[in-house]
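Taking it in order: structure first as structure tokens, then the write-up.
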Amino acid sequence: MIDKTYPSAAAAVADIPDGASLAVGGFGLSGNPIALIEALLAQGTGDLSVVSNNCGVDDWGLGVLLRAKRIRKMTSSYVGENKEFERQFLSGELELELTPQGTLAEKLRAGGSGIAAFYTQTGVGTQVAEGGLPRRYDGSGGVAVASPAKDVRTFDVHGEPREFVLEEAIRTDFSLVHALRGDRHGNLVFNKAARNFNPLAAMAGRVCIAQVEQLVEPGDIDPDAVHLPGVFVHRIIEVGTDIDKRIERRTVRTEEEA
């Protein structure tokens, strides 16, 4: 039997070297693989290039690696909840490849599916296609590195010519993801919003490491209920159901609104 379980988060991430590229799951603070992130922090790995929808918050999720200055570059679609992210980017300490959210999702999926690139209408007529988006500042308010122009082609859509921009797929050295349930073969089931980017990040990594709240035996998950098949997962650890889960913005209704 193929048993992909590892004894701990530290053992699962032990061979991730300085300078590695990572695809990391999570949507806001939902589905962040925090045990794997903290293990990576503890072992001192740095100079990382990370692809993730966002970068956590100042003291949680990928934010703990960012605060320790272990991340060299972020490829993200949303960065609005992290003040340290803003500070590092504007000061020239961090490189950022800002990517439309749907495009980022498809770049990860394409990478995991063996597709080198694809054309999309998203970003046509903007700096996403034309280039010039700041990727790194020089610390004095100037742009040190800007995004390049991308190939734009015209295709016929329902009898009308439309422009599309070429986007290259994303493939990373490792991926870190969180799932609700998994078996020893690596088959995973995600919970609600945590399913948004975790399966895509998992697919994009050459070595996928998954933390699961519940580890079950092969056959305990109905094949029809599997969200991500084990072929994409190489290592799996169990973190338990009482793992810390943060809420990014807690809002409540007033009595008048209820």
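Filter the stretch 74-95 down to the residues that are open to solvent by 60 Å² or more (accessible area, probe 1.4 Å) and touching a strand residue (DSSP E or B) at 6+ places or on another chain (Cβ under 8 Å) and list them by number.
If the condition is that a residue be open to solvent by 60 Å² or more (accessible area, probe 1.4 Å) and touching a strand residue (DSSP E or B) at 6+ places or on another chain (Cβ under 8 Å), then L90 is the only one that fits.
Which residue, of T122, T99, is of a type in the set (V, I, T), open to solvent by 60 Å² or more (accessible area, probe 1.4 Å), in contact (Cβ under 8 Å) with a residue 12 or more places away in the chain and in contact with an Asp or Glu (Cβ under 9 Å, 6 or more places away or on another chain)? Spell out how you get there, then give the answer.
Values: T99 fails: open to solvent by 60 Å² or more (accessible area, probe 1.4 Å).
Only one candidate passes the filter, namely T122.
Please tell me if G182 is surrounded by 17 or more Cβ atoms within 10 Å (Cβ to Cβ), under 14 Å from the mean Cα position of the chain (by Cα) and modelled with pLDDT of 95 or more.
In short, no.
Are there any strands (runs of 3 or more DSSP E) wholly within the stretch 1-84 with 1 or more residues that are farther than 27 Å from L228 by Cα and touching a Ser or Thr at 6+ places or on another chain (Cβ under 6 Å), and if so which?
Per the criteria, 71-76.
Kindly provide the set of residues from the stretch 125-161 that are closer than 15 Å to L90 by Cβ and polar (S, T, N, Q), ordered by number.
Passing the criteria: only S140.
The rows are residues; the columns are (1) open to solvent by 70 Å² or more (accessible area, probe 1.4 Å); (2) more than 23 Å from C208 (Cβ to Cβ); (3) in contact with a helix residue (DSSP H, G or I) (Cβ under 8 Å, 6 or more places away or on another chain).
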| position | (1), (2), (3) |
| --- | --- |
| G61 | no, no, yes |
| L65 | no, no, yes |
| A105 | no, no, yes |
| A116 | yes, no, yes |
| A129 | no, yes, no |
| G141 | no, yes, no |
| K150 | no, yes, yes |
| T154 | yes, yes, no |
| R162 | yes, yes, no |
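Could you list, in sequence order, all residues of the stretch 190-231 that are at pLDDT 95 or above, within 24 Å of N53 (Cβ to Cβ), among the hydrophobic types (A, V, I, L, M, F, W, C) and surrounded by fewer than 20 Cβ atoms within 10 Å (Cβ to Cβ)?
Those that are at pLDDT 95 or above, within 24 Å of N53 (Cβ to Cβ), among the hydrophobic types (A, V, I, L, M, F, W, C) and surrounded by fewer than 20 Cβ atoms within 10 Å (Cβ to Cβ): V207, V226, V231.
Would you confirm, using the coordinates I've provided, whether R153 is of a type in the set (K, R) and without any contact (Cβ under 8 Å) to a residue 40 or more places away in the chain?
yes
Are any of the residues in the stretch 168-175 part of a strand (DSSP E or B), touching a residue at least 40 places away in the same chain (Cβ under 8 Å), acidic (D, E) and farther than 22 Å from P223 by Cβ?
Yes, the conditions are met somewhere in the stretch 168-175.
Give all pairs with beta carbons closer than 6 Å in which a residue from the stretch 65-86 that is free of Cβ contacts under 8 Å to residues at least 40 places away in the same chain and within 19 Å of L36 (Cα to Cα) meets a residue that is open to solvent by less than 60 Å² (accessible area, probe 1.4 Å) and assigned to a loop (DSSP other than H, G, I, E, B); count only pairs at least 6 apart in sequence or on separate chains.
Qualifying pairs under 6 Å: L66/C55; R70/G46; M74/C55.
Would you mind stating whether K107 is in contact with a strand residue (DSSP E or B) (Cβ under 7 Å, 6 or more places away or on another chain) and assigned to a strand (DSSP E or B)?
So K107 fails the test.
For G139, are the conditions met, namely being of a type outside the set (D, E) and at pLDDT below 95?
Taking the combined requirement at face value, the residue satisfies it.
The values are calculated or read from the model by the stated rules, or taken from the named source; none is laboratory data. Not measured: the values here are computed from a predicted model. Positions of Cβ are backbone-derived with ideal geometry, glycine not excepted, and every protein chain shown enters the neighbour counts. Note: areas computed on protein heavy atoms with side chains; ligands, DNA, RNA excluded. Shrake-Rupley method; radii C 1.70, N 1.55, O 1.52, S 1.80 Å.
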